[in-house]
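Chemist: Would you mind keeping the following structure in view while I ask a few things?
The values are calculated or read from the model by the stated rules, or taken from the named source; none is laboratory data. In this text the structure is predicted, and so the values were computed from the model without any measurement. Glycine also receives a Cβ, built like all others from the backbone with ideal geometry; neighbour counts cover every protein chain displayed. For accessibility, only protein heavy atoms count, side chains too; no ligands or nucleic acids. Shrake-Rupley method; radii C 1.70, N 1.55, O 1.52, S 1.80 Å.
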Amino acid sequence: MSIKVLGISTSPRASSNSDLLLQQALAGAESAGAETEYIGLRDLNIAPCIECNSCYKKGVCCVEDDYQMLSSKMLEADRLIFATPIFFMTVCAQAKALIDRCQCLWAHKYVLKQPLQTIGRDRRAMVIAVGGTKSKKMFDSVRLTAKYFLDVLEMNYAANLFVNKIDEPGQVKKHPSAMEEAFRLGRELAATDAPPPEKPVNVELT
Ligand SMILES: Cc1cc2nc3c(=O)[nH]c(=O)nc-3n(C[C@H](O)[C@H](O)[C@H](O)COP(=O)(O)O)c2cc1C
């Protein structure tokens with residue numbers, strides 16, 4: 001049975017660079033025999049967490065929108081590829097809204113102490129981020145947020161693809177290696193013959 005790879009694109013714009021890399025990574029995963037699904041947050045309605053803490057009692061989110069559908073898909077997937085532009089040195093607001101809504105999974109696990117249905121499965125994730133400039137700490141915040149997000153989802157943090165100095169829509173297509181690296185990392189992510197890495201494979205390109 002083929003593994004399921006879910007790609008989530010969070011950029012709000014058309015011809016998004018992080019989106020283009022995500023599509024390449026999904027193509028790479030498909031080339032390894034995976035079944036892939038692409039979801040663009042710009043087509044969905046995911047409100048921010050309202051911190052009502054009702055999830056502390058039931059382990060589910062009381063804000064009803066597209067989060068419930070997406071949460072099921074994230075829990076069902078064997079692999080996740082999460083793509084974001086860098087906005088003010090971190091993930092974009094659309095990405096952060098989704099991440100914050102996963103607080104109900106955190107409550108499920110750590111407040112109610114109930115295991116997620118995913119426990120024991122080989123689940124892995126890769127993060128793609130693109131920034132318009134180059135700065136030493138550009139991806140630090142993404143790394144840290146992704147670590148906690150993926151812990152809540154019970155996914156091994158397998159890889160990063162970070163690309164600097166890409167600002168115009170679609171510009172990443174002209175990068176000498178980013179598109180190929182996305183394909184390669186997507187293909188690697190879909191592999192099941194190697195154990196998950198102990199720390200994320202980190203590819204940072206300029
Ligand atoms: C609101 C906003 C904030 C941004 N903040 C940063 C930043 O902190 N550092 C940076 O290098 N680029 C920043 N950028 C530029 C984007 O990261 C860059 O254009 C990137 O290619 C966008 O990715 P996308 O095409 O996938 O949306 C910002 C752009 C916007 C619109």
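Chemist: Being part of a loop (DSSP other than H, G, I, E, B) and in contact with a strand residue (DSSP E or B) (Cβ under 8 Å, 6 or more places away or on another chain) is the filter; apply it to region 125-154 and report the residue that is farthest from the ligand (Cβ to nearest atom). If you could, list the steps in order and put the result at the bottom.
Modeler: Pass one, region 125-154, residues part of a loop (DSSP other than H, G, I, E, B): 131-139, 153-154.
With the extra rule that they be in contact with a strand residue (DSSP E or B) (Cβ under 8 Å, 6 or more places away or on another chain), the set shrinks to 131-132, 138-139, 153.
Values: GLY131: 3, GLY132: 3, MET138: 6, PHE139: 10, LEU153: 22 Å.
Checking each candidate, the answer is LEU153.
Chemist: Using the structure shown, decide if TYR157 is more than 15 Å from the ligand (Cβ to nearest atom), within 18 Å of LEU21 (Cβ to Cβ) and among the hydroxyl-bearing types (Ser, Thr, Tyr).
Modeler: Numbers: more than 15 Å from the ligand (Cβ to nearest atom): yes; within 18 Å of LEU21 (Cβ to Cβ): yes; among the hydroxyl-bearing types (Ser, Thr, Tyr): yes.
In short, yes.
Chemist: Find the helices (runs of 4 or more DSSP H) located wholly in region 1-109 whose residues include 3 or more that are modelled with pLDDT of 95 or more, under 18 Å from LEU150 (Cα atoms) and open to solvent by 60 Å² or more (accessible area, probe 1.4 Å), and list them.
Modeler: Answer list for region 1-109: 67-76, 93-101.
Chemist: Okay, moving on. Condition first: open to solvent by less than 60 Å² (accessible area, probe 1.4 Å) and either within 16 Å of the ligand (Cβ to nearest atom) or not hydroxyl-bearing (Ser, Thr, Tyr) (or both). Now tell me which residues in region 172-185 satisfy that.
Modeler: VAL172, HIS175, ALA178, MET179, GLU181, ALA182, LEU185
Chemist: So, in region 1-25, how many residues would count as being of a type in the set (A, V, I, L, M, F, W, C) and within 15 Å of the ligand (Cβ to nearest atom)?
Modeler: Within region 1-25, residues that are of a type in the set (A, V, I, L, M, F, W, C) and within 15 Å of the ligand (Cβ to nearest atom) number 6.
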